[in-house]
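Have a look at the structure below, then the notes.
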2 protein chains.
Amino acid sequence: MHVVVPFAATEPKTRLESVLSPVERSAVARAMLADVLCAVVEAGHEPTVVATAPFDLEAELTVDDRVLESVSVVVDDRPLTEAVNDRLPSAEDDDPVAVVMADLALTTPETLEALFAHGDDAEVTIAPGRGGGTNALVVRHPAFRVDYHGASYLDHCAIARERGLRLETVDSFRLGTDIDEPEDLVEVLIHGNETNCAPTRLRELGFELETQDGRVGVVRVGESTQS
Amino acid sequence: MHVVVPFAATEPKTRLESVLSPVERSAVARAMLADVLCAVVEAGHEPTVVATAPFDLEAELTVDDRVLESVSVVVDDRPLTEAVNDRLPSAEDDDPVAVVMADLALTTPETLEALFAHGDDAEVTIAPGRGGGTNALVVRHPAFRVDYHGASYLDHCAIARERGLRLETVDSFRLGTDIDEPEDLVEVLIHGNETNCAPTRLRELGFELETQDGRVGVVRVGESTQS
């Protein structure tokens, strides 16, 4: 299975701007990408990062050699939908393709294996995210095309229906948790593996869990030294 | 397995007050409870609703007779932690006990079956919710006790560790989605079964999905007639 990981190499994660500077957002986005790539490789696949701009894997990601050797990078500055559609199964090459978002910081090899193995007879398998997003999907039929604008999960269900394709949904909290907003950082600190890049980077930046009024949030204790 | 469903019978769902009147919040909370109870019964169990106040199941819930006959109600006005702890396995009765929150509107019989069957050799199994909550759990050992205040998921991990109990986590988007805030209503409209009570009730109250700036929210089209 081809595994594609789209990545916004410049100005990523703008919705975190209230708590992170541009340089820090870039660092956290790369840490999450590293965690996703490690999980894909551990699940036995060789992912392709589809980056919006040139991007030096070795210089920018803290991953070991085995992961580096398994990952390739291509640059495609088109909008996400076009860049992904160009890499889905076609009449010429109908090998299954998985598309895994780069901000799924809670991803584990096990959750990916379950996604990849799920519904061998489904032509499209989706792990939905909050708010109707499509956080990860597997496409096994050349008639399917993505549309990431808006409520992509509902759009993808409609596209599959129109084209007579069987779509299945994978029920995963980990794959359903994309890290977009400051409150999402809580999930990285609670559920991220301690040795992973993203929780480590967030802790280095001074983030820690805080319980207030019976609810859990993050608080930033250290001051930013990167701007 | 005993299945306990705690329910705040009076003034439920206060964090929805910006979009729903007290009467409406009560109706939506009861609709979600009905959906949870139906899923538990379809999964083959006879749930006990532990309500904070007297509560007439037949009059207040729209469920069929088979469900009504399978559900019992007890009133316990103590805080959630105490009311649940009193019903967990004990030295006298160590049958496993599941605790399923009443606002898990995306619950299906299949997700519950997976939770109940997960980790037969685990002494505690948890389906975490966003923000470190404990949305559903199964307790198979009399040494475990809950503490729902604060980051209960982390507290429950710590309690299990201290007492030498094996804890496993269930990875479920559906069980991980409790309906607390206005933005959570999106999930009910996107993923709730159309014939379920909660999506039906929300649509009756005028809620529908709205896509704006590429993100999905809910908008209330109809005016409230209940205050």
**Request:** Would you tell me which residue of chain B has the beta carbon closest to the rotation axis bringing chain B onto chain A, and how many whole Å away it is?
**Result:** B:Phe173, 3
**Prompt:** In segment B:3-19, which residues have a backbone nitrogen under 17 Å from the label point lying 7 Å from B:Gln212's Cα in the Cα-to-Cβ direction?
**Reply:** B:18-19
**Message:** Are there DSSP H segments in chain B that both extend 24 Å or more along their axis (alpha-carbon positions) and score a mean Kyte-Doolittle hydropathy of at least 0.5? List them, or say none.
**Reply:** B:22-42
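How would A:Leu16, A:Leu104, A:Leu68 line up from fewest to most surrounding beta-carbon atoms within 10 angstrom?
Values: A:Leu16 20, A:Leu104 27, A:Leu68 13.
Taking fewest neighbouring Cβ atoms as first place, the list is A:Leu68, A:Leu16, A:Leu104.
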**Asked** With springs only between Cα atoms under 10 Å, which of B:Val139, B:Val186, B:Val19 fluctuates most in a Gaussian network model of chain B?
**Response** B:Val19
**Complete:** A correct Karplus calculation of ³J(HN,Hα) over segment B:167-175, with 6.51 cos²θ - 1.76 cosθ + 1.60, θ = phi - 60°, whole Hz and x for Gly and Pro, returns 10, 10, 10, 9, 9, 9, 5, 5, 6
**Derived scalar couplings ³J(HN,Hα) [segment B:6-17; Karplus, 6.51 cos²θ - 1.76 cosθ + 1.60; whole Hz; x for Gly, Pro]** = x, 9, 7, 6, 10, 6, x, 6, 5, 6, 9, 5
**Item:** For A:Gly206, inter-copy label distances in nm, listed shortest first [label point 7 Å out on the Cα-Cβ vector]
**Value:** 4.5
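Pop the C-beta distance of B:Ala91 and B:Thr200 into the FRET formula with R0 = 30 Å and round what comes out to the nearest 0.05. Before the final figure, lay out the partial values.
Working: r = 44 Å, r/R0 = 1.47.
Step by step, r from the Cβ atoms, then E = 0.10.
Cut-off is 10 Å between beta-carbons; in what order do B:Asp103, A:Asp184 appear when sorted fewest neighbours first?
On the way: B:Asp103 25, A:Asp184 21.
By the 10 Å Cβ count, ascending, the order reads A:Asp184, B:Asp103.
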**Item:** Inter-probe distance in nm under a simple model that places probes 7 Å from Cα toward Cβ, at A:Glu58 and B:Arg166
**Value:** 4.4
**Message:** Run the Debye formula on the Cα coordinates of chain A, all scatterers equal and no solvent, and tell me log10 I(q)/I(0) at q = 0.18 1/Å.
**Reply:** -1.38
**Item:** Kirkwood hydrodynamic radius of segment B:50-140, Cα pairs, Å
**Value:** 14.9
**Request:** Provide an ascending nm list, one decimal, of label-point separations from A:Glu92 to the equivalent residue in each further copy; define each label point as 7 Å from Cα along Cα→Cβ.
**Result:** 7.5
**Message:** Starting from the 7 Å offset along Cα-to-Cβ, what nm value, one decimal, do you get for the label separation of A:Ala158 and B:Ala143?
**Reply:** 5.5
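Find the relative contact order for chain B and round it to a whole percent, using C-alpha pairs within less than 8 Å whose residues are 6+ positions apart.
22
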**Prompt:** Using a basic spin-label model with each label point 7 Å from the Cα along Cα→Cβ, how many nm lie between B:Val74 and B:Val23?
**Reply:** 3.4
**Message:** Could you derive backbone 3J(HN,Hα) for segment A:76-91 from the dihedral phi with the Karplus parameters 6.51, -1.76 and 1.60 (θ = phi - 60°), listing whole Hz in sequence and x where the residue is Gly or Pro?
**Reply:** 8, 8, 6, x, 3, 4, 5, 4, 6, 4, 5, 10, 7, x, 10, 4
**Asked** If amide H atoms are built 1.01 Å from N in the plane of the peptide, which residues on other chains or at least 5 residues away come under 5 Å of the amide H of B:Asn135?
**Response** B:Ala127, B:Gly129
**Prompt:** Of all DSSP beta bridges in the protein assembly as shown, what percent run antiparallel (nearest 5)?
**Reply:** 55
**Request:** Please report the relative contact order for segment A:128-227, taking Cα pairs under 8 Å with a sequence separation of at least 6, and give it as a percent rounded to a whole number.
**Result:** 20
**Request:** Over every pair of different alpha-carbon atoms in the protein assembly as shown, take the mean of 1/r and invert it; report that Kirkwood radius in Å.
**Result:** 23.1
**Message:** Could you identify which residue out of B:Ala102, B:Ala143, B:Ala127 has the top mean-square fluctuation in a GNM of chain B using Cα springs shorter than 10 Å?
**Reply:** B:Ala143
**Request:** Using the 7 Å Cα-to-Cβ label point, sort the distances from B:Gly119 to its equivalents in the other copies shortest first and give them in nm to one decimal.
**Result:** 2.7
**Request:** Using only Cα atoms, locate the centre of segment A:147-219 and the centre of segment A:63-98, then give the distance between them in Å, rounded to an integer.
**Result:** 21
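No value in this document is a laboratory result; all are computed from the given coordinates. Since this is a predicted model, take the numbers as computed values, not measurements. Please note: Cβ atoms are built from the backbone with ideal geometry, for glycine as well, and neighbour counts cover all protein chains shown.
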